[in-house]
Structure formats: structure tokens, C-alpha cells
Amino acid sequence: MESRIYTPYDPQSSHDLVASWFLGPRAENYVFFKECFESILKRQTDARRAYFPNDQDFITPEMQSSLAFGNSMEKLKQKLEDLAEKLSQHSVPFWSPRYNAHMNMDTSMPANLAYITTMLFNPNNVANEASPYTTQIESDVG
């Protein structure tokens, strides 16, 4: 693949740049989204393990191998599959360039990934005491 330097006056470079911001109408950027999501999840795991690293596991391997735990995980997987299936069949395809109505369009990968990251690290973005970094970001962007 040829490497090009982005310039704002090159229509192909502009299109390539915008294409990097979205999952794509056919999920063409799935691999990149998955890599970013796995990186976020890894960082979340590392942060949790680094916080009081000598603490014992709260959720033990014995718990994870129990029938109750296994049944609960299977139910979660099934409910998420059901939800995803129904949403895939009964949602307006805002992500498709063929859908051109109202004021909606696909959400960007940076927005989706930042939302996931923030929800994992701090779902309580209410006050500076509970969310010092995200409060500062909000202040910075106005």
C-alpha cells in the first residue's frame, strides 16, 4: 500500500482520513475497532490489578467454575446475543450511506471507544471529587 501524507486539499487523502474515523457501513474497520477495544479492556484490567495489588481475588476461580456462575454467564451471553440480533433486525441503519433522513448518522469510532473507555473507568461523571480527569476534560472542551 502506498503511503501518502495527508493534505487538506487532496480529496483522496481527505476521504481516507474520514474513513479511519468510522466502523464503516460494512464494518470495514472492525479489526481496528476490535484492536482498540481490546487495548482499552487490557488497560482497564491492568488498572484494576494495580490498585491494591496484594489484595486477594474477590471473584475466585471456584466461583467462576460453579454452576450458578456458569448459568449466569450463559444467560448473559444469550441475552446479549438476543439484544444484538433484535437490534440488528429492527434498528434504523444510521450507519449506512444509503440511509439519508433526519439528523442522524453513524457515530465515530473515537466517540464510541472514548465512551466505552470512560464508562469502564468512571461511570459516575458527576463532580470533580468522583471524576477529576473527566471533569477537567469537560472544562477544557467547554
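Restricting attention to segment 58-96, the residues that are assigned to a loop (DSSP other than H, G, I, E, B) and surrounded by fewer than 10 Cβ atoms within 10 Å (Cβ to Cβ) total 4.
Considering segment 11-54, and only residues there that are open to solvent by less than 100 Å² (accessible area, probe 1.4 Å) and not in a helix (DSSP H, G or I), the residue that is nearest to PRO93 (Cα to Cα) turns out to be PRO25. Summed over segment 117-137, residues that are among the aromatic types (Phe, Trp, Tyr) and over 14 Å from the mean Cα position of the chain (by Cα) total 1.
The values are calculated or read from the model by the stated rules, or taken from the named source; none is laboratory data. Because the structure is a prediction, the values reported are computed rather than measured. Cβ coordinates were reconstructed from backbone atoms using ideal geometry, including for glycine residues, and neighbour counts include every protein chain displayed. The area values use the complete protein model at the heavy-atom level, side chains included, leaving out ligands, DNA and RNA. Shrake-Rupley method; radii C 1.70, N 1.55, O 1.52, S 1.80 Å.
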